[in-house]
Amino acid sequence: MITIFTTGGTFDKVYFDANSKFHIGESQVEPILKEGNVTLDYSIEQLIRKDSLEITDEDRQLICERVKASAAQHIIITHGTDTMSHTAKALAAHGIDGKTVVLVGAMQPARMRVSDAPFNLGFACAAAQLLPSDIYIAMCGQVFQHNNVKKNLEAGRFETES
């Protein structure tokens, strides 16, 4: 059983005008999993619906509390990429033991024709089932530990922090 918590981010963005204004729409996790014919046992719970730059310490506290309270040992959190590593570090600081927690996002909204969201979500599902208990970020075919990752804005990818 995998529990998936959604928080918004680019993964669920909907652009609605020529100025690239957006809002966070309904989660795209369920449609992606259905389209991929995913049959593993999972549940989805929306925690917040925000761009990650708008996520507050109180929001992170909520995420940490829900992860800690969850009976699931395998957890995925969809999250905006700009502050994903902050939330991963907050989870680690809350002593989330005995669970494999994988944060995942997208550089392009799932609703776009060309998006990394479906691949990243599938990759996160595999990572959550295969990795030992800890907090991870899974993006673009790579897994990073919560304490050794950064987003490279210029390259548009995550990298090991050096």
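Before moving on, here are some points about what is shown:
- Remark: for residue pairs Lys68/Lys150; Lys50/Lys89; Lys13/Lys50; Lys34/Lys151; Lys13/Lys99; Lys89/Lys151, the C-alpha separation exceeds 21 Å in Lys68/Lys150; Lys34/Lys151; Lys13/Lys99.
- Computed magnitude of the charge dipole of segment 2-160 (debye, nearest 20; Cβ of K, R +1, Cβ of D, E -1): 180
- Spin-label pair Glu58-Gln73: with each label point 7 Å from Cα along the Cα-Cβ axis, the two points sit 3.6 nm from one another.
- Base-10 log of normalised Debye intensity for the chain (one unit scatterer per alpha-carbon) at q = 0.11, 0.14, 0.20 Å⁻¹: -0.38, -0.63, -1.37
- Restriction of the trypsin sites (Lys or Arg not before Pro) in segment 99-161 to DSSP coil positions whose beta-carbon has at most 14 other beta-carbons within 10 angstrom yields Arg113.
- Pairwise centroid distance, computed over Cα atoms, of segment 100-117 with segment 1-16, Å: 8
- Global form of segment 1-64, assessed from the alpha-carbon gyration tensor, a/c cut-off 1.5: oblate
- Among beta bridges identified by DSSP and lying wholly in the chain, the antiparallel ones come to about 35 percent.
- Positive-end extreme of charge dipole, segment 2-160 - chosen from Val67, Ser115, His86 (charges on Cβ): Ser115
- Helix-only CD estimate at 222 nm, as mean residue ellipticity for the chain, using -39500 (n - 2.57) per DSSP H run (n ≥ 4): -8000 deg cm²/dmol
Every number in this text was worked out from the coordinates using simple rules, so none of it is lab data. The structure displayed is predicted, hence computed values, not measured ones. Neighbour counts run over all protein chains shown; Cβ positions are idealised from the backbone, glycine included.
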